[in-house]
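Okay, structure first, notes after.
Derivation of every value follows stated rules applied to the coordinates shown; laboratory data play no part. Because the structure is predicted, anything quoted here is derived from the model rather than measured. Every residue, glycine as well, gets a Cβ built from its backbone with ideal geometry; the counts of neighbours run over all protein chains shown.
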There are 2 protein chains.
Amino acid sequence: MAQQTSAHNQHLTLADIARQTNYSISTVSKVLNDQSDISPEAKERVNAVLTASGYRRKSRQHRHQEFIDIVFSSFSNLWAFEVVKGALNTASQHDIRITITESGDRNHPAENWASDLVRRHPLGAVLVFSHLSTREREELDKNDIFYSIFDPSGEPEPQDFSVRADNWNGGMLAARHLADLGHQRIAMITGPEVMLSARARTEGFIAALADRNISFNPALKREGDFTMVSGLREGLELLNLPAQERPTAIFAGNDLQAMGVYEAARQVGLRIPQDLSVVGFDDLQTSSFMNPPLTTISQPLQQMAGIATQMVINRANHEHSDMHVVLPTSLIERESTARPQN
Amino acid sequence: MAQQTSAHNQHLTLADIARQTNYSISTVSKVLNDQSDISPEAKERVNAVLTASGYRRKSRQHRHQEFIDIVFSSFSNLWAFEVVKGALNTASQHDIRITITESGDRNHPAENWASDLVRRHPLGAVLVFSHLSTREREELDKNDIFYSIFDPSGEPEPQDFSVRADNWNGGMLAARHLADLGHQRIAMITGPEVMLSARARTEGFIAALADRNISFNPALKREGDFTMVSGLREGLELLNLPAQERPTAIFAGNDLQAMGVYEAARQVGLRIPQDLSVVGFDDLQTSSFMNPPLTTISQPLQQMAGIATQMVINRANHEHSDMHVVLPTSLIERESTARPQN
């Protein structure tokens with residue numbers, strides 16, 4: 001995308017400068033756009049005319065077009081990597097840079113993130129958290145910073161652009177798969193209850209079990225924070241239950257928690273899938289290399305991030321953009337699930 | 001870090017503008033620095049004076065101070081994540097942005113990366129590849145783009161700033177650990193031979209085996225490309241050898257290749273560590289959650305990236321910086337290695 005330049009308060013055109021310098025309009029345009037394939041002499045002469053005429057580059061506009069900021073409240077794992085990778089793929093097609101900001105903790109960005117963003121003035125931002133306050137929303141809007149919300153943890157406001165996966169359906173797919181295999185004593189390690197995506201997975205999961213006349217035992221639902229460490233901790237709690245109460249299958253809520261459950265099973269000496277079936281959610285790049293390869297619900301994180309990035313670009317270019325995109329999830333059957341042993 | 005502004009060709013001071021607008025010097029400074037906590041009226045009046053006087057913001061300087069670009073030839077896995085995380089931690093302490101560029105393929109950046117970088121004009125760049133040509137080096141130098149080289153794949157030039165881990169010693173540590181356990185038939189899956197870090201690991205490994213009077217069988221050395229997929233492919237080649245030739249231990253070259261070797265062992269029905277010992281290199285965040293937890297050589301990727309970033313900042317600030325930093329590697333013993341069975 002060419003950088004925009006224009007004369008402020010003067011009516012100096014590219015043709016005027018070309019005439020005064022004896023360079024072509026194309027060369028003048030290249031100088032204005034800081035391109036490198038022009039001679040130092042051309043640069044100097046064009047700039048001399050610009051300086052003499054008081055021509056001022058639209059540097060703010062210029063900076064606007066340069067980068068999109070991905071704001072994480074926590075940039076901490078392979079999940080975040082997939083998001084950046086997807087944003088990078090889309091942005092690079094438009095010659096737009098991706099910057100990364102990490103602000104605050106997992107659920108709440110730091111107080112000043114919105115004014116920080118305004119100060120840096122990106123083309124726009126992809127927000128990887130939600131709970132946007134009215135004040136923050138106004139601050140971004142007022143300063144023409146276009147944003148989209150990736151995987152909103154709360155209900156997105158109608159005016160917000162957002163991308164998420166169909167978490168509820170993904171939860172259903174996990175439950176149906178385990179029910180179809182014949183499991184009855186099924187546990188779930190949820191993500192943080194404050195996150196909408198986590199709640200949707202849990203509710204879809206429980207609803208699908210009910211459809212199959214499996215009553216979900218609330219004692220087998222445990223809350224994690226979507227990390228490997230919480231998967232291990234909650235997995236140990238579940239697997240150390242007396243044998244007749246112990247689940248034969250665990251829906252781990254996400255792939256990182258599934259890695260923790262694998263480690264819990266290893267520590268207590270249970271084999272996956274013979275003694276315990278495990279289902280994840282995400283399908284991270286490492287999940288097909290887990291031992292055994294993880295059966296999981298795929299959500300297309302890179303594609304989602306690409307769409308969130310494209311939303312920002314479209315809005316900045318005053319082009320049409322969908323507002324609320326929900327991508328489908330699907331079951332990827334690998335080797336961590338099997339019929340329960342009798 | 002406050003954004004620098006200054007008058008070009010005019011001698012208009014903050015005090016002059018304050019006098020003409022009846023705002024305080026502090027308010028004028030805030031307008032110049034694009035801060036958000038000032039009234040639209042103040043902004044408008046200050047800008048009017050600026051426009052009338054031909055005051056031009058030093059936007060290039062401003063952009064210079066804003067970001068450091070991390071240039072990857074391949075931004076593709078958890079290893080890259082660790083590098084970004086480390087750079088982000090250091091840069092954010094200086095209120096400097098991190099941008100990511102992916103250019104080219106694993107070993108070679110695309111033709112035009114250096115001119116692209118010049119066009120964007122970051123404060124500097126951390127280059128996560130090497131083979132910098134003389135022309136590229138000159139282009140960066142000429143344009144005052146400070147750079148450091150992360151984990152140089154070739155021998156760094158004396159004038160280049162670089163950070164790497166002690167790969168050679170790491171290779172020795174892996175070999176000594178396996179020799180101490182009593183292994184004799186030991187294999188290695190190397191990284192790409194064109195990468196200095198890969199060669200150093202291999203050579204340190206073979207040297208340490210020789211110290212222990214273990215002659216390394218060249219048929220048990222296979223070249224990978226540092227991905228999970230190549231670890232699986234080369235692992236299968238090694239583990240499908242006849243039982244009396246099959247290695248009892250594999251040094252996998254890095255943790256991703258170790259994940260591939262785990263999968264190869266699973267596919268051929270060998271248990272880790274009972275039937276096969278595996279040692280990785282890197283200590284990625286997932287490695288302690290592999291099944292079983294991976295014994296590996298730790299290289300402090302985040303710390304290395306932090307140092308590479310600090311080098312750029314120090315050079316840009318004309319402060320002292322070390323030129324060639326080599327960080328130690330260490331053995332992290334977990335559960336993927338054991339004495340060979342007889």
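Computed values, structure above
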{"item": "Built amide H within the under 5 Å cut-off of B:Asn317, gap 5+", "result": "none"}
{"item": "Tensor-based shape of region A:167-300 (alpha-carbon gyration tensor, a/c under 1.5 rounded, otherwise prolate or oblate)", "result": "rounded"}
{"item": "Computed magnitude of the charge dipole of region A:167-300 (debye, nearest 20; Cβ of K, R +1, Cβ of D, E -1)", "result": "240 debye"}
{"item": "Whole-Hz ³J(HN,Hα) from phi, Karplus 6.51 cos²θ - 1.76 cosθ + 1.60, for region A:293-298, glycine and proline x", "result": "x, 7, 6, 8, 9, 7"}
{"item": "Three-way shape label, region A:208-258, alpha-carbon gyration tensor, a/c 1.5", "result": "oblate"}
{"item": "Backbone HN-Hα couplings from phi across region B:143-154 [Karplus 6.51/-1.76/1.60, Hz, Gly and Pro as x]", "result": "9, 6, 9, 7, 9, 10, 10, 8, 6, x, 7, x"}
{"item": "Shape of the protein assembly as shown, Cα gyration tensor, a/c cut at 1.5", "result": "oblate"}
{"item": "Residues whose placed amide H lies under 5 Å from that of B:Phe161, excluding near-sequence neighbours", "result": "B:Ile149"}
{"item": "Under-5 Å amide H pairs with A:Ser73, H placed in peptide plane, nonlocal only", "result": "A:Ser103, A:Val128"}
